Amino acid sequence: MTITLNGTQRDFPTPLTLTTLLETLGLAGKPVVVEQNRVALLPKEISSAQVADGDVIEIVQITAGG
């Protein structure tokens, strides 16, 4: 399946959950904000969200700074 991830088209195997996607990207357990098809997801929604062919996913990692 092909999705747009942070503005870039990428291919991933199916089925794919957002949790698996985050694991694949090395972001599992890290503070992130995820938007799926222009809808921001609550942290509790990420664990049950499925990714479909053609989805547009934006992931922003939250970092501390000063």
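Just so it is clear, none of the values below were taken in a lab; they were calculated from the coordinates. Fair warning: this is a prediction, and the values are worked out from it, not measured in the lab. Positions of Cβ are backbone-derived with ideal geometry, glycine not excepted, and every protein chain shown enters the neighbour counts.
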So I have (i) 20, 55, 24, 0; (ii) 22, 42, 21, 11, 4; (iii) 21, 60, 17, 2, and one of them is P(r) over Cα pairs in 10 Å bins from 0, in percent calculated from this model. Which one is it? (iii)
Gain in length, ARG10 to LEU25, computed as 0.36 nm per residue apart minus the alpha-carbon separation, to one decimal in nm? 4.2 nm
Using a simple spin-label model with points 7 Å from Cα along the Cα→Cβ vector, what separation in nm is obtained for VAL60 and LEU42? 2.0 nm
For the chain, calculate the relative contact order in percent as a whole number, restricting contacts to Cα pairs under 8 Å that are 6 or more residues apart. 45 percent
